[in-house]
Each structure stands twice: as C-alpha cells, then as structure tokens.
Amino acid sequence: DGGITQSPKYLFRKEGQNVTLSCEQNLNHDAMYWYRQDPGQGLRLIYYSQIVNDFQKGDIAEGYSVSREKKESFPLTVTSAQKNPTAFYLCASSPGQGPTDTQYFGPGTRLTVL
Amino acid sequence: AQKITQTQPGMFVQEKEAVTLDCTYDTSDPSYGLFWYKQPSSGEMIFLIYQGSYDQQNATEGRYSLNFQKARKSANLVISASQLGDSAMYFCAMREGAYPRLAFGKGNQVVVIP
C-alpha cells in the first residue's frame with residue numbers, strides 16, 4: 001500500500017532537547033512538506049522540499065531544521081531554539097508543486113514539551 | 001489578511017441528511033486550487049475533493065461535491081447522505097500559483113447524530 005508514514009505517533013521532550021520527527025513516503029512524490037497544527041487552528045507550513053538535497057523555509061521555520069537526502073524521506077528536527085514546540089506535526093507529499101497538485105498527509109506526530 | 005475563511009460554528013447533522021460547509025477565499029492570483037480535507041479525532045488529514053480555478057464544472061467525488069462560485073470567491077463543500085463516520089473537523093485550503101503552501105481555514109466541526 002502506498003502512503004506516508006510518520007513516527008513516532010507521540011513524542012515527549014524536555015526543554016532544551018532537540019528531537020527528530022520521521023516522515024517517509026512510498027508514493028514516488030517529488031515534493032514533501034512539514035506543517036504544524038495548534039489547537040483550534042488550521043495548518044501552517046514549516047519547511048518544504050521540491051527535490052532531493054533542496055529545501056526551502058515556509059512561514060514558520062524558526063527553530064526547525066530539515067534534510068532531504070533521499071526522495072522518500074524528509075525528517076524534521078525541532079531544536080531547542082523553538083520557543084513553543086508543543087503541537088501536532090503533519091508531513092505531506094505531492095506529485096509536483098503546482099496549484100493542481102494535491103498534498104497527501106501522514107497520520108501526524110503529537111509533540112509535547114515537558 | 002486571511003486567505004481562507006470558515007466561520008460557521010459547530011454543526012449537528014442528522015444522519016442521512018445533507019450538510020453544506022461554507023468557505024470563502026481571497027486571492028489575486030488567477031491560477032489556484034481549492035481543497036477540502038477531513039480531520040477525524042485521530043488527527044490524520046484526509047483529502048476529500050479538489051477544484052481548480054479554471055475548472056468550468058463543480059467537482060464531485062462520491063458523496064462530496066464542491067459548490068464553486070468564482071465571482072463570489074466561494075467554495076462550499078456539500079456532503080450528501082451524512083453518515084456517522086462523517087463526524088470530524090473539515091478544513092478548506094487553497095494553493096496559489098507556484099507557491100507550495102496550502103493556506104488553511106480554521107475548520108468546521110461537524111457531528112452527525114443518529
């Protein structure tokens with residue numbers, strides 16, 4: 001079955017620690033994205049990548065970092081510089097980058113800072 | 001300025017009835033895509049339906065249809081014959097031109113009652 005997997009489902013972090021969220025897709029999509037969702041809100045774009053070894057900042061990139069070494073994988077690191085990291089994180093992918101390309105989402109990772 | 005506006009309060013819908021969820025958008029780009037997603041309590045964002053700005057006909061996908069009124073910048077979702085499994089948050093989103101971000105509204109809560 002083709003799809004997007006994210007792990008872990010739940011993640012707890014102490015203040016001052018970096019954590020990495022995993023995102024893998026087997027849809028052969030070129031583009032991948034990371035979004036953040038806060039309670040009662042829609043999603044906001046953190047980072048996106050259109051091809052391997054290339055990625056761009058989204059609207060709220062401060063305190064986050066990413067890599068894209070393989071087409072299938074787009075991990076997100078939440079660094080200690082992120083002031084309010086407790087949120088629901090969703091990874092997505094799309095075949096291309098145009099306005100007609102649907103973004104498909106993974107199941108999400110819920111991060112809680114203790 | 002907000003790109004996507006969803007202002008309806010939470011809705012209770014009788015099983016087997018139709019429900020309409022309102023969405024208005026704001027863009028000056030002639031090329032854009034409009035998307036509806038469903039988010040059940042599990043958190044996953046599930047793609048439902050897409051409408052392109054140049055599409056002449058309203059999109060339909062099974063029990064979902066999109067009432068696209070371009071001049072009014074409106075893209076309402078209609079769910080016909082509601083089922084208990086339709087209980088979820090519903091998000092309207094837009095992608096403009098070449099920019100990869102999906103701009104999301106704040107969502108509509110729908111609860112289907114037997």
Next item on the list: Give the distance, in whole Å, between the Cα centre of the stretch A:68-114 and the Cα centre of the stretch B:63-114.
Entry: 22
Check: Accessible area lost on pairing B with A, both sides, 1.4 Å probe, Å² to nearest 100?
Finding: 1900
Margin query: Give the lysines whose C-alpha is closer than 19 Å to that of B:LYS70, dropping any in the same chain fewer than 8 places away, or say none.
Written below: B:LYS3
Notebook entry, point to check: For chain B, with the dipole built from +1 on Lys and Arg beta-carbon atoms and -1 on Asp and Glu ones, taken about the Cα centre, which of B:THR20, B:TYR64, B:SER74 lies farthest toward the positive end?
Noted result: B:SER74
Item checked: the stretch B:1-96 - accessible surface per residue (Å², probe 1.4 Å) -> 49
Notebook entry, point to check: In the protein assembly as shown, what percent of the accessible surface is made up of carbon and sulfur (1.4 Å probe, ligands and nucleic acids excluded)?
Noted result: 48
Margin query: Heavy atoms only, 1.4 Å probe, whole protein assembly: order B:PHE104, B:PHE12 by accessible area, highest first.
Written below: B:PHE12, B:PHE104
Next item on the list: Sum up the charges of everything whose Cβ sits under 11 Å from the Cβ of B:ASN108, counting Lys and Arg as +1 and Asp and Glu as -1, but leave B:ASN108 out.
Entry: +1
Next item on the list: Kindly tabulate the residues in the stretch A:26-43 with an accessible-area decrease of at least 10 Å² between the chain alone and the assembly of all protein chains, using a probe of 1.4 Å.
Entry: A:TYR33, A:TYR35, A:GLN37, A:GLY40, A:GLN41, A:GLY42, A:LEU43
Next item on the list: Evaluate the relative contact order of chain B (contact order divided by residue number), counting alpha-carbon pairs under 8 angstrom at least 6 apart; express in whole percent.
Entry: 37
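The values are calculated or read from the model by the stated rules, or taken from the named source; none is laboratory data. Worth saying up front: this structure is predicted, and the values here are computed from it rather than measured. Cβ sites come from the backbone with ideal geometry, for glycine too, and all protein chains shown count toward neighbours. Note: accessible area is taken over every heavy atom of the protein model, side chains too, but ligands, DNA and RNA are not part of it. Shrake-Rupley method; radii C 1.70, N 1.55, O 1.52, S 1.80 Å.
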